[in-house]
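The structure appears right after this line, and notes come after that.
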Amino acid sequence: MTDVRDTLPAADAALLDRLFSTLPPGTVLTGTDIGPQYQEDRRDRYSARPLFVLRPSSTADVSAGLAACHAFRQPVVVHGGRTGLSGGHRILPGEAVLSLERLNALGQIDTDSASIEAQAGVALQRVQEAANDVGLMFGVDIGARGSATIGGNIATNAGGIRVMRYGMFRAQVAGLEAVLADGTVLTSMKQVEKDNTGPDLGQLFIGSEGVLGVVTRARLRLHPAPVTEANSLLALPSADAALDLLSRLRSAMGGALSAFEIMLPEVYHGVCRHLQISPPLGTKAQVYVLAEIQAGPLALTAQEVFETTLMAAIEDNCILDAVVSQSRREFQALWDLRDGCADFVRTLPNVANGDISVPVGRVPDFLRESQTALRAIDPDSVFLAFGHMGDGNLHYVFQTVRKEPALSQLLTMVAAFGGSVSAEHGIGVDKKPWLHLSRSPAEIDTMRLLKTTLDPRLILNRHRIFDLADGL
Ligand SMILES: Cc1cc2nc3c(=O)[nH]c(=O)nc-3n(C[C@H](O)[C@H](O)[C@H](O)COP(=O)(O)OP(=O)(O)OC[C@H]3O[C@@H](n4cnc5c(N)ncnc54)[C@H](O)[C@@H]3O)c2cc1C
């Protein structure tokens, strides 16, 4: 059998020699051993064949693998669960893959500090289930929970449906370990909340999309599981009414309001068709909202206050129609409907998609003004926005035959409204042209400075977030 190294340029073969000799068997994949899954892309774009795949099963092996790639100036793209939506894990020609799939150990829960240690390749859902098993809960939930990994969640600072109550992924990270491009290991995993001995280096890697280092481990905060949990699907006459309702629920429920999700009518009815269910609310409305509350043992009246607040909003014509879940099954069915939105819009043709945020109070104006502006570009545009109105983040999906000018118009308006062109999914490769709309030249220069300092040979996730001249 031909050894793949015989067919490679001398430098590549020498690098593989070093990797095969320093890493345990099964860690380095080449040739036909590389399965097609590594080239999967959530956006269905072309992902190149990797030069080789590294599947380390320890931090030491991540370090040894990166040190070798650094020595040989071999570009590497980091893979978690490959559910990212900005092309960050897509393989560029000439890159090798560093997959965290075998770094998948989950530690014991420390109930004293309410935290759990997870290696980077652990799926988010495993952390959620482990917390549930001992009466705790994990604060972040996203539709891709079964495949998305803790390392990928940290690298993208994932958000999801309960940011208003628990914050984004950054807020869940109590300690972190990362490996720099040259193999240096930075471990900051103390089991103490307070450690003000200089800047928190772990923070650098949260949301940095793998351009500054590879996350290998984290200690994650857990929360008491709610004693009361309820949700309600609501039909509303307008986005202004949704904002009014958000304010009423916030005043009445305080921090117990855990989710406030919005769906425009086209996506609401479309996802019901997609899931082959009859719409839980048949009432025609401009906006549908899924609101959720979670409360601890002291808030015994939470459900009653929730329902009373909704009743008052119905009497004031702020809500047209409502259904409140009466069982765990109904509760889950309402979330399944909301979770199905992403899959439903993926089935549609001519879809443009902005993962944007604007200040919460400006969501109604933004929806109105953006639709007017986009209809001026394509009068047949169909609007299918859904998302996390409670924190101002909309998955602004629309169908148009004039995708490029329409998206450009949308994102320019986001910037004018003081929002972000990528609220959750990062910049990756796909959103690089828009970074300047959300970040100043000084900020982008500082990001570049960090990159060239921590990864001077530009081997790690190069051409993600921003471009730099190749290898210094
Ligand atoms: C159906 C669906 C629903 C989704 N819902 C949400 C949502 O509500 N909120 C949200 O925020 N996102 C959502 N996402 C996007 C996606 O799930 C998140 O971005 C997730 O955090 C990516 O994790 P991953 O393990 O799949 O990372 P990948 O896709 O493998 O990688 C994402 C980026 O992180 C880098 N990376 C991965 N692992 C590491 C590591 N260990 N160290 C350093 N860099 C690394 C990669 O190189 C890449 O740049 C959704 C995606 C889908 C498909």
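The values are calculated or read from the model by the stated rules, or taken from the named source; none is laboratory data. Predicted model only: the values in this text are computed from it and were never measured. A quick note on method: Cβ atoms are made from the backbone with ideal geometry, for glycine too, and the neighbour counts reach across all protein chains shown.
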**Asked** Counting only residues that are of a type in the set (S, T, N, Q) and in contact with a strand residue (DSSP E or B) (Cβ under 7 Å, 6 or more places away or on another chain), which one in the stretch 435-472 is farthest from the ligand (Cβ to nearest atom)?
**Response** Ser438
**Request:** Please find, among Val185, Val179, Val134, the residue that is crowded, with 23+ Cβ neighbours inside 10 Å and of a type in the set (Val, Ile, Thr).
**Result:** Val179
**Request:** Looking at (1) in contact (Cβ under 8 Å) with a residue 12 or more places away in the chain; (2) assigned by TED's automatic domain parsing to the domain that holds Leu394; (3) out of contact with any strand residue (DSSP E or B) (no Cβ under 6 Å at 6 or more places or on another chain); (4) more than 18 Å from Asp141 (Cβ to Cβ), find the lone condition where His269 falls short.
**Result:** (1)
**Fill in**
For the stretch 407-431, the count of residues that are free of Cβ contacts under 8 Å to residues at least 24 places away in the same chain and either within 20 Å of Gly88 (Cα to Cα) or of a type in the set (S, T, N, Q) (or both) equals 1
**Meets criteria (at pLDDT 95 or above and more than 16 Å from the ligand (Cβ to nearest atom)) for Leu180** = no
**Message:** I'm checking my understanding of the structure. Among residues of the stretch 155-173 that are among the hydrophobic types (A, V, I, L, M, F, W, C) and assigned to a loop (DSSP other than H, G, I, E, B), which one is nearest to the ligand (Cβ to nearest atom)?
**Reply:** Ala158
**Message:** Conditions first: (1) near the ligand (Cβ under 10 Å from one of its atoms); (2) surrounded by 20 or more Cβ atoms within 10 Å (Cβ to Cβ). Gly146 passes all but one, so which condition is the exception?
**Reply:** (2)
**Complete set of residues in the stretch 57-101 that are away from the ligand (no atom under 12 Å from the Cβ) and either in contact with a Ser or Thr (Cβ under 6 Å, 6 or more places away or on another chain) or in a helix (DSSP H, G or I) (or both)** = Ala60, Asp61, Ser63, Ala64, Gly65, Ala67, Ala68, Cys69, His70, Ala71
**Message:** Can you tell me how many residues within the stretch 375-405 are closer than 25 Å to Gly143 by Cβ and part of a helix (DSSP H, G or I)?
**Reply:** 4
